[in-house]
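The values are calculated or read from the model by the stated rules, or taken from the named source; none is laboratory data. Source: prediction; values computed, not measured. FYI the Cβ positions are ideal-geometry reconstructions off the backbone, even for glycines, and counts take in every protein chain you see.
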Amino acid sequence: MSGSAFSRSSASRMDSVFPISMVVGVALSVFVGACEGDKGGSAEEGLVREELGSFTTDTGSGADVPFEVPTDAYSAQVTCGPYGYDVLATAESILDPSGAAIYDYNDGQGTAMRVATTDDLLPVLFPVSPELDVGAGIYTMRVYVDLEQPTTITCNALYRIQEPAAGQTVDIHFVFVGVDGEVPGLNATDAVDSTVLNTTLDRVEALWADLGLSVGVVTYEDFAGDVATYNSVDGAKEFGDLLRTSTSDDRAITVFLVSAITDDDGATILGQAAGPPGAAATGGTSKSGAVVTVGALAESDTDTEARIIAHEVAHFMGLYHPTEKDGSAHDPLLDTPECTSDTDSNGVYSTSECLGQGADYLMWWAASATSVEASANQAWVVQRSALPQ
C-alpha cells in the first residue's frame, strides 16, 4: 500500500519484500481514530518541467537516473514509474553534483533526506530539510525496483522556481464519489453552500497557519466514473486507480471524498494521501491526490474531518511523521521532537507516551484533538512543494 493513512484500526503494515540489504524504511502510516515572485527565468506558473527519459534496471535491480537542477530552482520533484501495484521501489542513493551521497537508503536516518518506499510510482522531493538545500548541477538518483527481471521506468522532473514564502495558498479540488446520500450537500452543485464543508475548510486553514499556508481556490466536481466501485475504496490498486482519474497538471491537490477506505490488510482507514510526497502538479498517476472518507462530516465532526485533510495534504507536500508508530524512523527535521518513550514496551509509540515529544504536532502518526503544532522546518519544506503558490 502506498501513501499515508488515518485509520480506526491500531494495526499497521510494513512491506517486507525487499532483500535484507534493502530493508523497507517506511511503514503504512496509521491514525487511531480515538485517539512572491520568481527567482529567475520564465515557466509555467513558477514551475519547470523536464522529461528525463526511460531507464532500465540492471542485474542489481537498480537504474541510475541523472537530473540537472537549474540555477533558479528551490526544489526538485522527480517521479519514476509505473512498475505496478504489486511491486515496490525506492531510491538506493542520491549523489550531488560533486558525487557526494546526500542520501543512502541503508543509512536513511543518517542524512537530512528521506525517501519513501512506494508501489507503482516513486515520487521523490528534494530537499525535505533546510539542512540539505538544493543547489544547481547534475544529481544522480539510483532507483531500486524490487523485481528480479529488468524493468523499464519513465522518469520526469519538476523544478520549482517560484520563491517560497509564508502567505502562500493551496488550491483544493474536491471530487465527490457518491457521498451526498451520506452527507447532504456534498455534490458539485450544492457544496459551495455546505455549512459542514465550509466549516471544515476554515479549520484546515487554522491548522495550516503555522506552516505559512492558507486555503486557496476551492473547486468541486462529481465523480464521473464507476461510483459503485470507488465509493468504497478497497486496497492499493483501487486507491491508485482512483487517483489516476485526476488528470490535471494544475497546481491544486485533488481530494476524493468517499464513504469508506480499507487497506490491503482489511484495516479501515479515514484518509490516505499519495506520498510523502505525492506527485504535485502532475495528473494521471497513482500518486496524484488524496482520498478522504466523509464519516466525520456525517456526524458533523468538522474538526476531525479538517484534521484528516490538513494532515494528508501536508504529507502530499512532503512532510513525514515526527516519529513513526513503531519508532523505527523519524522525519529528517532537526526542530521536531523524536519520541523515545515506549514505556509499556509494546512496540507502539502512543500519543500518551509521547506528549511533548512530537505527539502535539499535526503530523503525529496518531493525531488527536491536541495534535496541532507545526515547526519552522516543516513550514520550510511544504513551502518548497510545487503545490503552494
(message) What's the total number of residues in the stretch 217-266 that are closer than 19 Å to ALA191 by Cβ and in a strand (DSSP E or B)?
(response) 13
(request) Could you look through the stretch 102-133, keep only residues that are of a type in the set (Val, Ile, Thr) and in contact with an Asp or Glu (Cβ under 7 Å, 6 or more places away or on another chain), and pick out the one that is farthest from THR79 (Cα to Cα)? (result) THR111
(request) Specify which of the listed residues (GLY178, GLY135) is assigned to a loop (DSSP other than H, G, I, E, B) and at positive phi. (result) GLY178
(message) For the list (1) under 15 Å from the mean Cα position of the chain (by Cα); (2) more than 27 Å from GLU45 (Cβ to Cβ); (3) surrounded by fewer than 24 Cβ atoms within 10 Å (Cβ to Cβ), I need the number of the one condition that THR262 fails.
(response) (1)
(request) Evaluate the following for THR370: is it in a loop (DSSP other than H, G, I, E, B) and either under 22 Å from SER214 (Cα atoms) or hydrophobic (A, V, I, L, M, F, W, C) (or both)? (result) yes
(message) One residue is enough: does the stretch 132-151 have a residue meeting the conditions at pLDDT below 95 and of a type in the set (Gly, Ala, Ser)?
(response) yes
(request) Assess whether ALA374 counts as being under 28 Å from ARG49 (Cα atoms) and at pLDDT 90 or above. (result) no
(request) Kindly establish whether PHE256 is out of contact with any Pro (no Cβ under 6 Å at 6 or more places or on another chain), among the aromatic types (Phe, Trp, Tyr) and under 19 Å from ARG307 (Cα atoms). (result) yes
(message) Going residue by residue through the stretch 79-97, is there one that turns out to be closer than 24 Å to LEU333 by Cβ, among the acidic types (Asp, Glu) and either over 21 Å from the mean Cα position of the chain (by Cα) or part of a strand (DSSP E or B) (or both)?
(response) yes
(message) Can you find, within the stretch 59-70, the residue that is nearest to ALA386 (Cα to Cα) among those that are in contact with a strand residue (DSSP E or B) (Cβ under 9 Å, 6 or more places away or on another chain) and either part of a loop (DSSP other than H, G, I, E, B) or among the polar types (S, T, N, Q) (or both)?
(response) PRO70
